[in-house]
Amino acid sequence: QVQLVESGGGLVQAGGSLRLSCAASGRISSINYMAWYRQVPGKQRELVAGITSGGSANAADSVKGRFTISRDNAKNTVYLQMNSLKPEDTAVYSCYVVAKELGSVYARSYWGQGTQVTVSS
């Protein structure tokens, strides 16, 4: 089993910054893909940004130029640096990982528990 531990959420004023972290642990053979999703009550969960094991990253248009995703493969950790935050960025942010466990043939997807980000105007 792979466990994901997120940190870094909180309350910030508009224009401020936060950095989210998500550390994966367990019997991990490899991590193919790491990403951040967010969800607002009553709305569908949306992809914020994702990054492959090779470092190729993509981000939603709504956060391009403000959010940066990165990963430390040695630490099995993904980060989301969020700058110029807006009230509409308020959501629960969840880490998503596609990883292969030791001894497994196939990779599986895993979700973190979610961390609240609130941006006040």
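At a probe radius of 1.4 angstrom, the accessible area of the chain per residue rounds to 52 square angstrom. With θ taken as phi - 60° and the Karplus curve 6.51 cos²θ - 1.76 cosθ + 1.60 applied, the whole-hertz 3J(HN,Hα) list for region 100-106 is 10, 7, 4, x, 8, 8, 10 Hz, x standing for glycine and proline.
Our note on the geometry: Cα centres of region 30-49 and region 102-121, 8 Å apart.
From the gyration tensor of the Cα coordinates in the chain, what semi-axes in whole Å does the equivalent ellipsoid have, largest first, with each one equal to sqrt(5λ)?
Working: eigenvalues 134, 37, 30 Å².
They are 26, 14, 12 Å, listed from largest to smallest.
Amide H contacts of Ser30: Lys100, each under 5 Å away and 5 or more positions distant or on a separate chain (H built 1.01 Å from N in the peptide plane; Pro and chain starts excluded). What fraction of the Cα pairs in region 44-98, stated in percent, has a spacing above 12 angstrom? Here the long-distance tail beyond 12 Å is 68 percent of all Cα pairs in region 44-98. For the chain, a simple Cβ point-charge model (Lys and Arg +1, Asp and Glu -1, everything else neutral) yields a dipole of about 120 debye relative to the Cα centre.
The values are calculated or read from the model by the stated rules, or taken from the named source; none is laboratory data. Small disclaimer: the values here were computed from a predicted structure and weren't measured. Please note: Cβ atoms are built from the backbone with ideal geometry, for glycine as well, and neighbour counts cover all protein chains shown. The area values use the complete protein model at the heavy-atom level, side chains included, leaving out ligands, DNA and RNA. Shrake-Rupley method; radii C 1.70, N 1.55, O 1.52, S 1.80 Å.
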